[in-house]
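Structure first, commentary second.
The values are calculated or read from the model by the stated rules, or taken from the named source; none is laboratory data. These figures come from a predicted structure and were not determined experimentally. Don't worry about glycine lacking a Cβ; one is built from the backbone with ideal geometry, like all the others, and counts go over all protein chains shown. Heads up: the accessible areas ignore ligands, DNA and RNA and are worked out on the full protein's heavy atoms, side chains in. Shrake-Rupley method; radii C 1.70, N 1.55, O 1.52, S 1.80 Å.
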Amino acid sequence: MFERTLQDLIRGLRAHKASSKAQEDAFIAEAMVEIRQEMKGKDMALKAEGVLKICYLMMLYPIPAPPEFAFHVVEVMSSPRYHLKQIGYLAAPMAFSGDTEEVVLTVNGIKKDLLSPHVALPSIPLTALPHLLSLSPSLSITLHSDLLHLLTHSSPRIRKRSILCLLHCWEAFPGGLKEGFPKLREKLKDQDQGVIGATIGVVMELAKRQGGKNYLPLAPELFGILTSSSNNWMLIKVVKLFAILTPLEPRLVRKLLPPITSLISSTSAISLLYECVRTCIVGGMLDPDRAEGEALARVCVEKLGGYLRDEGGDQNLRYIALLAMVKIIPTHPSMVAEYQDEIMESLDDPDVSIRMRALELVTSMVDRDNLQTIADQLLSHLAPSETNTSDLPSAVASLTAIANQLSPTAAKDPTITSTSVSLSPAYRLLLTQKLLSIISYDTYVNVTDFEWVISVLIDLAYVSHVNVGEEIKRLILDVVGRVKSVREYAVGVLEKVLGDEDFRERGRDGTGEDGLTEAAIWVCGEYSSYLSSPLSAISSLLSPTLHLSSSSLISLSLHSAAKIFGRYAASVSTTWSSDGHAESKALVATVKSGLEPFLSTGNIEVQERAFEFTQLLNFVQADLTNHIPPKKNISTSVPDDIPEMDSGFAESSKPNNDNPPYPKSLFLFEPLFSSYELNAVAYKAQDAVRIPDGLELDRDIVPGGGFGELSEDDESEEEKPTIDLGEGGGEGMEELRRVLREQEKKGKRREGETKEERAKRRAARKAKHKDDPYYLYDKNDKDENEEDIDEIPIVRLDDSELAIQEPSTSKTKFKSKSTKIKTKKAKVPPPEFDRTGELPEGSTASSVRQSTKKGELEKTSSGLSAIDLTSSTPSSNRGSSARFEEYKVDDDDLPPRSNAIENITSNGIHTNRQNDDLPVTSITGEIEVVKVKRKKKADSKKKKEKPIES
């Protein structure tokens, strides 16, 4: 008897749970030693108990299996006793893996158990076969015929398990699907409902992986099950199958409408209702163009809306209803909008999954009438509650709070859970992105009030607490650039953002608030005429804490400060006085002091802008210092043209009495920024630009693409006009003129040469550039001495003639050629260029190319996706058994070996494919183990000579 049973082992493990880790490990090590001793014995019951204990320990602890564990499992599987065999098959999936060689030893035993006349025995191997069949295609090929034979078994349980095993068998051996498809179709009409359900499940999995083309012939059987079955799970699978088949065969829509409509109106199963709605959408049954589409959609929406209005209903039903409405809203948004209040209430649900589906549905039902209502409700979810003014928790803290609420021991408070979910950073980011997307959808097609858009974007930047600053910045600039009427309002509210130092301090932490700050800086600088207090804006832009911000924000602030100063300086000139003079001087000094810290900054962009504006301010300051302020206020209108714009700030040619009473330098900054108005660029605006008259875009600016002619021989023989080289310019120009005149005379002398002289000169030039690797030859220009390869006659060479030749002469020829090659290589060494890249050790580029080609062929010709059940061609051969070559039938059942040899070419490829498509007959007898012996050469010679003797 064994020392410790499985129950004793479990009791010992539970007893050591309270002990230390070392004591528990010591107990497990002691148990493993006992188990190894038990499995080495000859008592099969003791060995089966050891296998069972090993399996239990491997499920609980990361313990590797003993070295001979798989072999002991094979021994237990071959036991004649039923309960021991059951233990062996139970441990087989844990003992065998892809590299386990002991699988070979199980083939005969599995076939014997599958074909056993005892009803209870075949079901035992069928429990382990799904795992074993996935290990090797050879095992699937060997057992495929036996599994097909079991489909006609008298026991429904065995037929059901055989169908399920065939799915894994066809995954490893796709060629068997063509042979088993007729029997698979027969099982859809089986008398047992369990067998039909298993068959439908297998067909659905195959259709998902292959596509529904191969399974359209099963539509009549599936339709019969749809109209006659009352099992909801079976109906769900059938409806899913029709969702795959309907897009491939539109005529199924009219046939499916009556049963689908009946199921939607009568079923109480929400899962079946959802699948029916999904099938209606995928199949086009809810298309508004169809006569029955509107009525069917109304039935679906009313049925789903009932689950949303049931306050005390199941949360799963609520989720499925929202998920189904997401599918319906693209075709019938008005029907779904009737349940807007119920959908908005789902946004407060404690369940995160329901919130996500409700959020997806809400963003899909937005129109011009409900945009502001929905956006305000979504914004209220982001605003912090009055009772909780502390900082937002981290993602870990939020998940911990949710986990505590969902634990069975904790008291569940929906309010606390809902608040915890709202404070989650991930949920807030998703909610903010959805809110921005519904506002900017289709270039603000649903927006009627753009001032409301500006206010929502600013509120969103304040309360979101997520990094969406760049998106908010883009939308604000886009709206302000497109809508002129909103600019004054935008400047008014964004001017307050500039003065909010706390908000700018939050942005320095990288949380996204810098986006709104940059938008406010740019808008206030570009449209500074709408500012209520330009001096306060300049003070906010050049605040003492500006150096703590990012470089991009600093450069933008300096630029906007210059814009505001230019507009303010120009406006001061309209009411020029001594007070204005003093105020302007003080403003220039303030701006210069604000720019001073950035004159020595490390960022080149910031430093350049600071230097440029400082130099301009020095000019304005000097002009203000030299200007004498008036004794009384002078009111002037704003001039249409900036004074002295044409001649700069040089001395005016006009009399002194026409000079303005204010300094002209006040208008130095404004023209730099306000010469042209910035507007939004339209889509494909570049294509709409009119081509000026006289501009030919298709004409080459330089004839010939800028490449000159190859030689002077192709020049036209027409008389060229003389070019006037001019006079003067010094000694260098005189030398250049002399060279040009000599070249011109040389060209004139060549104009009178004959064709023979020109050909001789070309040959000399070609010989000169023969060894020049950078000289390009004309392919059409052939050498007269060059032999034409096509004209060389083809002569059959004799080996005897080659043998007569002296070896010395051939050696000298080869030597001379090799020396020439060596001299050429030594002259111009080629660059090192690795075209193949780094390869694994021991491999070459050719082997990589061959392996890749082989892999491509396998991809195109293997797998379930390559099987076409609609074609009339017979199934392909089963292939060779890679791992089970020793298992072969008698030689009498095989085709003659001579036919196979004749079909093999010198490259090892079959040229005659007829024998490959021969169907393999199912073998139900015992398999003999035959040792494969290598035949001697003498025997093969005798066989070859045998037909000659006859």
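Some values worked out for this structure:
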{"quantity": "Any hit, the stretch 95-114, residues being within 18 Å of ILE158 (Cβ to Cβ), part of a loop (DSSP other than H, G, I, E, B), out of contact with any strand residue (DSSP E or B) (no Cβ under 7 Å at 6 or more places or on another chain) and open to solvent by 10 Å² or more (accessible area, probe 1.4 Å)", "calculated": "no"}
{"quantity": "PRO217 vs. criteria in a helix (DSSP H, G or I) and either aromatic (Phe, Trp, Tyr) or open to solvent by 10 Å² or more (accessible area, probe 1.4 Å) (or both)", "calculated": "yes"}
{"quantity": "The stretch 425-454, residues that are more than 17 Å from ASN370 (Cα to Cα), open to solvent by 10 Å² or more (accessible area, probe 1.4 Å) and either modelled with pLDDT of 95 or more or hydrophobic (A, V, I, L, M, F, W, C) (or both)", "calculated": "ALA426, LEU429, LEU430"}
{"quantity": "Flag if GLY283 is closer than 22 Å to PHE223 by Cα, touching a residue at least 40 places away in the same chain (Cβ under 8 Å) and among the small types (Gly, Ala, Ser)", "calculated": "yes"}
{"quantity": "In the stretch 539-549, the residues that are surrounded by fewer than 16 Cβ atoms within 10 Å (Cβ to Cβ) and either in contact (Cβ under 8 Å) with a residue 24 or more places away in the chain or under 16 Å from ALA519 (Cβ atoms) (or both)", "calculated": "THR545, HIS547, LEU548"}
{"quantity": "Residue within the stretch 448-463 that is of a type in the set (Asp, Glu) and in contact with a helix residue (DSSP H, G or I) (Cβ under 7 Å, 6 or more places away or on another chain) present", "calculated": "yes"}
{"quantity": "Wholly enclosed helices (runs of 4 or more DSSP H) of the stretch 498-554 bearing at least 1 residues at pLDDT 90 or above and of a type in the set (Asp, Glu)", "calculated": "514-526"}
{"quantity": "In the stretch 560-582, the residues that are open to solvent by 50 Å² or more (accessible area, probe 1.4 Å) and under 18 Å from GLU670 (Cα atoms)", "calculated": "ARG567, SER571, THR575"}
{"quantity": "Residue, modelled with the lowest pLDDT, within the stretch 61-117, restricted to residues that are over 16 Å from LYS42 (Cα atoms) and of a type in the set (Phe, Trp, Tyr)", "calculated": "PHE96"}
{"quantity": "Among (1) farther than 23 Å from THR267 by Cβ; (2) open to solvent by 20 Å² or more (accessible area, probe 1.4 Å), the one test that VAL195 misses", "calculated": "(2)"}
{"quantity": "Given (1) modelled with pLDDT under 90; (2) farther than 28 Å from HIS149 by Cα; (3) within 39 Å of the chain's Cα centre (by Cα), number of the condition THR267 does not satisfy", "calculated": "(3)"}
{"quantity": "Close pairs from the stretch 594-621: first within 28 Å of GLY580 (Cβ to Cβ) and open to solvent by 80 Å² or more (accessible area, probe 1.4 Å), partner modelled with pLDDT of 90 or more and among the hydroxyl-bearing types (Ser, Thr, Tyr), Cβ under 8 Å, at least 6 apart", "calculated": "GLU596/THR614"}
{"quantity": "Residue among VAL463, VAL497, VAL493, VAL483 that alone is hydrophobic (A, V, I, L, M, F, W, C) and open to solvent by less than 10 Å² (accessible area, probe 1.4 Å)", "calculated": "VAL497"}
{"quantity": "Subset tally (residues that are under 21 Å from TYR441 (Cβ atoms), under 33 Å from the mean Cα position of the chain (by Cα) and in a loop (DSSP other than H, G, I, E, B)) for the stretch 452-497", "calculated": "3"}
{"quantity": "Residue list for the stretch 575-609, restricted to those being assigned to a helix (DSSP H, G or I) and either more than 18 Å from PHE565 (Cα to Cα) or under 44 Å from the mean Cα position of the chain (by Cα) (or both)", "calculated": "SER578, PRO597, PHE598, ILE604, GLU605, VAL606, GLN607, GLU608, ARG609"}
{"quantity": "Breaking point among (1) within 47 Å of the chain's Cα centre (by Cα); (2) aromatic (Phe, Trp, Tyr); (3) open to solvent by 40 Å² or more (accessible area, probe 1.4 Å), for TYR82", "calculated": "(1)"}
{"quantity": "Lone qualifier among ARG278, ARG254 - being free of Cβ contacts under 8 Å to residues at least 24 places away in the same chain and under 23 Å from ILE329 (Cα atoms)", "calculated": "ARG254"}
{"quantity": "Residue match in the stretch 311-325 (condition: within 30 Å of the chain's Cα centre (by Cα), hydroxyl-bearing (Ser, Thr, Tyr) and open to solvent by 60 Å² or more (accessible area, probe 1.4 Å))", "calculated": "yes"}
{"quantity": "Residues satisfying the stated conditions in the stretch 673-728, i.e. open to solvent by 90 Å² or more (accessible area, probe 1.4 Å), of a type in the set (Phe, Trp, Tyr) and either within 43 Å of the chain's Cα centre (by Cα) or at pLDDT 60 or above (or both)", "calculated": "TYR676, TYR683"}
{"quantity": "Qualifying residue in the stretch 563-581 (condition: more than 22 Å from SER528 (Cα to Cα), modelled with pLDDT of 85 or more and out of contact with any helix residue (DSSP H, G or I) (no Cβ under 6 Å at 6 or more places or on another chain))", "calculated": "no"}
{"quantity": "Exclusive hit being under 27 Å from ARG11 (Cβ atoms), open to solvent by 10 Å² or more (accessible area, probe 1.4 Å) and part of a loop (DSSP other than H, G, I, E, B), set ALA65, ALA120, ALA45", "calculated": "ALA65"}
{"quantity": "Failed condition for LYS473, given (1) of a type in the set (Lys, Arg); (2) free of Cβ contacts under 8 Å to residues at least 60 places away in the same chain; (3) under 23 Å from ARG355 (Cβ atoms)", "calculated": "(3)"}
